[in-house]
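Taking it in order: structure first as structure tokens, then the write-up.
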Amino acid sequence: MNVIFTCGGTGGHINPAIAVANMWKERHPDSNILFIGAKDRMEEQLVPQAGYALKTIPASGMSRGKSLKALKHNLQAISYVFQAVNRCKKIIRDFDADVVVGTGGYASFPALYAASLLGVPTCVHESNAMPGLTTRMIARRANKVLVCFPESKKYYPHPERVEVVGMPVRKEFIFTRREDARRELGLDERPLIVSAFGSQGARAMNEVIAKVFRLEKEAGYPYQHIHAIGRYGVDWMPDYVRQQGVDLQENKGISMQEYIYNMPTMMAAADVIISRAGASSCNEIAAAGTPCILIPSPNVTDNHQEKNARALSENGGATLILEKDCTPETLMAAIDHLVTDAGASAQMRLALQKLCVLDSAERLCDVIAQLGKEK
């Protein structure tokens, strides 16, 4: 079979697609796999690193603003869609695709729409409880809509096409051993804190983390701390950290990088993960079973990140701190609690493992196989 995966924009869309592609390749080593993503976005790094071919298309998100600038942006985005649909038709024909699988992001809609016009079976995976824009637009045309939560079925016009499969994560999140991960990262005996707020970064939270670095210095660097600053933090955050009196050249265990590419290893090695609460991140944390502090983004549609975070925290799987309540002191106190209270940490690990759908990628592969037979 020839399978196309389409995704893009953020790791939350790309990583689930890679997880399913890996499982599909393991099950069907003779299959051909191709990715379609947006030009100049993160998929241009992550997909080739995972070992898959990638074709890019022009794509842009829609602005929710009402200004003239927003209107012009949306007109440009719409023109990109028409260009992208035509390019996707050619890609799908040339690849002779049997199934096209979308996991969200700017590139998903043109590829899925083009496939539906060509009569190629499609499925779209929605990671959040409430459907995002791409899923809402394509749900009527897709052969299957795949969701994480049973209660999500009510949001779709054809519930008979909706199937609950959970959230796919790469096997490495489940099976990477803590001892091996810490050895690979060259860690010492101190606890490891890993913090990341998405591929783009988050200015407010990066500032809080910089001040947490200061508190860690004042405490004598009790932890090793690895922080992903995101694409938009590269230019300013190192200087901001220095303004807090923290010299990264001291090499006391604090390090920063734009993006964490080896997240399964990081999560396996970590004692605490500090993260946004996108569906992909929540499920990766659950699969790894790593104690976590979730700080949902307040700037997302339908406040879905807070809903995701509460789904974990109300079941004992996370410490939830709203961004408006997150000061360096409250975050440091939450870190200290999880590191020093072995009982609380162990209970959180157990709760996370109970929340994870471990065979989600396998379930999604079953759907792909069935759609391929129906072509």
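The values are calculated or read from the model by the stated rules, or taken from the named source; none is laboratory data. This one's a predicted model, so the numbers in the text were calculated from it and none came from an experiment. Reconstructed Cβ throughout: ideal geometry from the backbone, glycine too, with neighbour counts over all protein chains shown.
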* Asked: Which is within 19 Å of the chain's Cα centre (by Cα) and either surrounded by fewer than 18 Cβ atoms within 10 Å (Cβ to Cβ) or in a helix (DSSP H, G or I) (or both), of N315, N303?
  -> N303
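Taking region 353-374 as the search range and keeping residues that are in a helix (DSSP H, G or I), under 30 Å from T290 (Cα atoms) and of a type in the set (A, V, I, L, M), which one is modelled with the lowest pLDDT? Working first, answer last.
Taking region 353-374 and keeping what is in a helix (DSSP H, G or I), we get 353-355, 360-374.
Then drop every residue that is not under 30 Å from T290 (Cα atoms), which leaves 353-355, 360-367.
Of the ones still in play, those that are also of a type in the set (A, V, I, L, M) are 355, 361, 364, 367.
Values: L355: 83, A361: 92, L364: 96, V367: 96.
Here the residue is L355.
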* Structure fact -> Among residues of region 200-254 being within 23 Å of V339 (Cα to Cα) and aromatic (F, W, Y), the residue farthest from the chain's Cα centre (by Cα) is Y221
* Asked: What is the number of the single condition among (1) modelled with pLDDT of 90 or more; (2) part of a helix (DSSP H, G or I); (3) in contact with a Ser or Thr (Cβ under 8 Å, 6 or more places away or on another chain) that H225 does not meet?
  -> (2)
* Structure fact -> Flagged pairs (Cβ under 8 angstrom, 6 or more apart or on separate chains; first in region 131-146, assigned to a loop (DSSP other than H, G, I, E, B); second modelled with pLDDT under 90 and of a type in the set (F, W, Y)) are P131/Y155; P131/Y156; A139/Y156
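Restrict the check to region 253-271 and report whether at least one residue is touching a Pro at 6+ places or on another chain (Cβ under 8 Å), more than 23 Å from M42 (Cα to Cα), in the same structural domain as K211 (by TED's automatic domain parsing) and of a type outside the set (A, V, I, L, M). Walk me through how you get there before you give the answer.
Of the residues in region 253-271, the ones touching a Pro at 6+ places or on another chain (Cβ under 8 Å) are 256, 271.
Cutting the leftovers down to more than 23 Å from M42 (Cα to Cα) gives us 271.
Restricting the remaining residues to those that are in the same structural domain as K211 (by TED's automatic domain parsing) gives 271.
If we keep only those that are of a type outside the set (A, V, I, L, M) as well, we get 271.
Yes, region 253-271 contains a residue that is touching a Pro at 6+ places or on another chain (Cβ under 8 Å), more than 23 Å from M42 (Cα to Cα), in the same structural domain as K211 (by TED's automatic domain parsing) and of a type outside the set (A, V, I, L, M).
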* To do: Out of the residues in region 351-375 that are of a type outside the set (G, A, S) and either touching a His at 6+ places or on another chain (Cβ under 8 Å) or closer than 17 Å to R310 by Cα (or both), state the one that is surrounded by the fewest Cβ atoms within 10 Å (Cβ to Cβ).
  => K354
* Asked: Which residue pairs have Cβ atoms under 7 Å apart, sit 6 or more places apart or on different chains, and have a first residue in region 356-375 that is within 16 Å of I285 (Cα to Cα) and a second that is acidic (D, E) and surrounded by 18 or more Cβ atoms within 10 Å (Cβ to Cβ)?
  -> none
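If I ask for residues that are among the polar types (S, T, N, Q) and farther than 22 Å from A333 by Cα, which ones from region 279-323 would you list? Steps first, answer last, please.
Looking only at region 279-323, we keep the residues that are among the polar types (S, T, N, Q), and these are 280-281, 283, 290, 297, 299, 301, 303, 305, 308, 313, 315, 319.
Scanning region 279-323 gives S280, S281, N283, N299, T301, N303, Q305, N308.
A quick yes/no check of all residues on (1) buried (at least 24 other Cβ atoms within 10 Å of the Cβ); (2) closer than 17 Å to V169 by Cα:
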residue: I260; (1), (2): no, yes
residue: M266; (1), (2): no, yes
residue: S275; (1), (2): yes, yes
residue: C282; (1), (2): yes, yes
residue: G289; (1), (2): no, yes
residue: I293; (1), (2): no, no
residue: P298; (1), (2): no, no
* Structure fact -> Across (1) part of a helix (DSSP H, G or I); (2) surrounded by 15 or more Cβ atoms within 10 Å (Cβ to Cβ); (3) out of contact with any His (no Cβ under 9 Å at 6 or more places or on another chain); (4) of a type outside the set (K, R), D239 clears everything bar (2)
* Asked: When the residues of region 89-109 are filtered to those that are touching a residue at least 60 places away in the same chain (Cβ under 8 Å) and not in a loop (DSSP other than H, G, I, E, B), which remaining residue is surrounded by the fewest Cβ atoms within 10 Å (Cβ to Cβ)?
  -> F95
* List every residue pair whose Cβ atoms lie under 7 Å apart, where the two residues are 6 or more positions apart in sequence or sit on different chains, the first residue falls within region 316-341 and is assigned by TED's automatic domain parsing to the domain that holds A202, and the second residue, located anywhere, is basic (K, R) and at pLDDT 95 or above. => P328/K211
